[in-house]
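The structure appears right after this line, and notes come after that.
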């Protein structure tokens, strides 16, 4: 996978995780463990995006 494709894949995944977090937090009884895990994953992707040359 080329660097541009990897960058786009990470951006899309970051947006998907953001959407999943928002959906879970808006449920009547959100699963806080799931939200925490999703946020950790999102942060790992953000860190990887920041390390990649643009």
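Listed values, structure above:
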{"quantity": "Selection within the range 18-41 - farther than 19 Å from residue 51 by Cα and touching a helix residue (DSSP H, G or I) at 6+ places or on another chain (Cβ under 8 Å)", "calculated": "18, 20, 21, 24, 25, 30, 31, 34, 35, 38"}
{"quantity": "Failed condition for residue 53, given (1) in a helix (DSSP H, G or I); (2) at pLDDT below 95; (3) surrounded by fewer than 13 Cβ atoms within 10 Å (Cβ to Cβ)", "calculated": "(1)"}
{"quantity": "Criterion: out of contact with any strand residue (DSSP E or B) (no Cβ under 7 Å at 6 or more places or on another chain) and touching a residue at least 12 places away in the same chain (Cβ under 8 Å) - qualifying residue of 52, 34", "calculated": "52"}
{"quantity": "Complete set of residues in the range 1-50 that are outside any helix (DSSP H, G or I) and modelled with pLDDT under 95", "calculated": "1, 2"}
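The values are calculated or read from the model by the stated rules, or taken from the named source; none is laboratory data. As the structure is a prediction and not an experimental result, all values here were calculated from the model. Ideal geometry is used to build each Cβ from the backbone, glycine not excepted, and the neighbour counts take in all protein chains shown.
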